[in-house]
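Below you'll find the structure, written out as structure tokens, and then a few comments.
The values are calculated or read from the model by the stated rules, or taken from the named source; none is laboratory data. Note that the structure is predicted; figures quoted are calculated from it, not measured. Every residue, glycine as well, gets a Cβ built from its backbone with ideal geometry; the counts of neighbours run over all protein chains shown.
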């Protein structure tokens, strides 16, 4: 207990760092994931190819490698941003590939006739996807996207190795101060649990809400 | 085709399509005049549904031209969407939007495509639901309706766009026998009012009573295209005689 009470501010900053990384990268991942899923089912071949390439590259690259690419690669193109922003980019893009695939599997659960009916009424591709198909895909993707977001919260730990303040990284400071390594990690684990259980609860709530809306 | 007032609304010329090696539409020529009701019949796999779906390009064709009201079908995109809004379609499996109420099903495309105001779209939807006998069901979801009711909503949804023509792809084939008539009643009403209709169906009674022409298809070809009374009393081709003898027996 002492390790927590003595270092509340260190833990708190780490916790906030992980929370911020998770929330901001999560929003980015959702936006990009929706866009990429749209690309992957669009009738325009170059967009489909771009979406497929995006998912293939990002889903099959180790996240740590991706961090190196962003942190070391982007400055070569004169793109110099705070480490936090780099971390958000790496995490958000990486996670967007998984969001995209979860959405696409949801889109595939919607009968083809729904899209045909929408198109036969003169709706554009965007309207068909946005107003008819996605809302029906939504209910079957809430649970898998919840899992993706939990994975994101845990993946954010990698940012700690790239000079971003986050929860896991606090162990270095505490270790140097000579605290018990076991208790240090127990409190770190509790911090992650608070975030991941909160995400679980949020997505359970969403799931119940979409289930009730029909 | 002999009437003086005949103006073509839908024209297909030399249309071909394959599914893999199956030549599902073979050199199809078909003209549907304004206000005409054309019933397409034929055995399963004859290509009649594909023909119907090709008219609004839900099925792209490989060669030939399809013209609607003088305009050739454009490529996928805004132009095609505009044209589809002019040609309503009713599906075998209804395809009502499952997450929308009956009223919303009928207003959605009015709002999104025709850009009507909400009150205007609601008024039109309620009028049309009244007309198909479902005004009291407006706030229900499709899953809460019977098949016959769902199909009538689907017709109302298509009519809400004020289409120039309606395509029916086996509209009664998924229905219990007792519900077929309520859908056919609506269709007979539309035919009487002069709606241009292309109807793929197995309902020979509807073909006899309401069609101006019967088109008989088999193996991807149009074998006969004649007035219903002529076709049903004396089919020209052996294939049509055979088909009729099988379905009219019971």
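Could you count how many residues in region B:108-124 are under 19 Å from residue B:134 (Cα atoms), more than 11 Å from every other protein chain (Cβ to nearest Cβ) and surrounded by 17 or more Cβ atoms within 10 Å (Cβ to Cβ)?
So the count comes out to 3.
Given the residues B:38, B:24, which is the only one that is modelled with pLDDT under 95 and closer than 30 Å to residue B:245 by Cα?
Unique residue meeting the criteria: B:24.
Please find, among B:102, B:87, B:113, the residue that is touching a strand residue (DSSP E or B) at 6+ places or on another chain (Cβ under 8 Å) and either touching a residue at least 12 places away in the same chain (Cβ under 8 Å) or within 21 Å of residue B:168 (Cβ to Cβ) (or both).
So the residue among B:102, B:87, B:113 that is touching a strand residue (DSSP E or B) at 6+ places or on another chain (Cβ under 8 Å) and either touching a residue at least 12 places away in the same chain (Cβ under 8 Å) or within 21 Å of residue B:168 (Cβ to Cβ) (or both) is B:87.
Tell me, which residue of region A:165-198 that is closer than 24 Å to residue A:146 by Cβ and in contact (Cβ under 8 Å) with a residue 60 or more places away in the chain is nearest to the other protein chains (Cβ to nearest Cβ)?
A:195
Kindly check whether there is at least one residue in region B:130-153 that is within 14 Å of chain A (Cβ to nearest Cβ), more than 25 Å from residue A:136 (Cα to Cα) and at pLDDT 95 or above.
no
Any chance you could count how many residues in region A:71-112 are surrounded by fewer than 19 Cβ atoms within 10 Å (Cβ to Cβ) and part of a loop (DSSP other than H, G, I, E, B)?
Total satisfying the criteria: 6.
Do we find a residue being closer than 30 Å to residue B:239 by Cα, in contact (Cβ under 8 Å) with a residue 60 or more places away in the chain and under 13 Å from the mean Cα position of the chain (by Cα) anywhere in region B:56-76?
yes
If only one of B:158, B:98 is at the interface with chain A (Cβ under 8 Å from one of its Cβ atoms), part of a helix (DSSP H, G or I) and closer than 22 Å to residue A:110 by Cβ, which one is it?
Sole residue among the options that is at the interface with chain A (Cβ under 8 Å from one of its Cβ atoms), part of a helix (DSSP H, G or I) and closer than 22 Å to residue A:110 by Cβ: B:158.
Condition check: more than 14 Å from chain B (Cβ to nearest Cβ), more than 30 Å from residue B:161 (Cα to Cα) and touching a helix residue (DSSP H, G or I) at 6+ places or on another chain (Cβ under 6 Å). Does residue A:80 satisfy that?
For residue A:80, the condition - more than 14 Å from chain B (Cβ to nearest Cβ), more than 30 Å from residue B:161 (Cα to Cα) and touching a helix residue (DSSP H, G or I) at 6+ places or on another chain (Cβ under 6 Å) - is not met.
Select, from B:59, B:76, the only residue that is part of a loop (DSSP other than H, G, I, E, B) and either facing chain A (nearest Cβ under 8 Å) or on the phi > 0 side of the Ramachandran plot (or both).
Sole residue among the options that is part of a loop (DSSP other than H, G, I, E, B) and either facing chain A (nearest Cβ under 8 Å) or on the phi > 0 side of the Ramachandran plot (or both): B:76.
Kindly indicate the residue of region B:79-95 that is closer than 25 Å to residue B:179 by Cβ and in a strand (DSSP E or B) and also farthest from the other protein chains (Cβ to nearest Cβ) among those meeting that condition.
Per the criteria, the residue is B:90.
Looking at (1) facing chain A (nearest Cβ under 9 Å); (2) modelled with pLDDT under 95, which one does residue B:48 not meet, given that it meets all the others?
(1)
Among the candidates A:112, A:117, A:102, which residue alone is touching a strand residue (DSSP E or B) at 6+ places or on another chain (Cβ under 8 Å) and over 22 Å from residue A:162 (Cα atoms)?
A:117
Report every pair of residues separated by at least 6 positions or lying on different chains whose Cβ atoms are under 9 Å apart, first residue within region B:232-245 and within 15 Å of residue B:44 (Cα to Cα), second assigned to a helix (DSSP H, G or I).
These pairs meet every condition: B:240/B:231; B:244/B:204; B:244/B:231; B:244/B:232.
Do we have residue A:115 as under 18 Å from the mean Cα position of the chain (by Cα), within 14 Å of another protein chain (Cβ to nearest Cβ), in a helix (DSSP H, G or I) and crowded, with 20+ Cβ neighbours inside 10 Å here?
Judged against the criteria, residue A:115 is not a match.
Hey, among A:48, A:40, which residue is surrounded by 13 or more Cβ atoms within 10 Å (Cβ to Cβ), in contact with a helix residue (DSSP H, G or I) (Cβ under 9 Å, 6 or more places away or on another chain) and free of Cβ contacts under 8 Å to residues at least 24 places away in the same chain?
None of the others qualify; the one that does is A:48.
Which is closer than 16 Å to residue A:20 by Cα and surrounded by fewer than 18 Cβ atoms within 10 Å (Cβ to Cβ), of A:210, A:194?
Details: A:210 fails: closer than 16 Å to residue A:20 by Cα.
From the options A:210, A:194, the qualifying one is A:194.
Restricting the search to region B:91-105, which residues are buried (at least 20 other Cβ atoms within 10 Å of the Cβ) and closer than 22 Å to residue B:198 by Cβ?
Residues satisfying the conditions are B:91, B:94, B:95, B:96.
If residue A:9 passes every condition in (1) in contact (Cβ under 8 Å) with a residue 12 or more places away in the chain; (2) over 26 Å from residue A:138 (Cβ atoms); (3) in a helix (DSSP H, G or I) but one, which one does it miss?
(1)
Out of (1) free of Cβ contacts under 8 Å to residues at least 40 places away in the same chain; (2) away from chain B (no Cβ under 14 Å); (3) surrounded by 18 or more Cβ atoms within 10 Å (Cβ to Cβ), what's the single condition that is false for residue A:123?
Unmet condition: (2).
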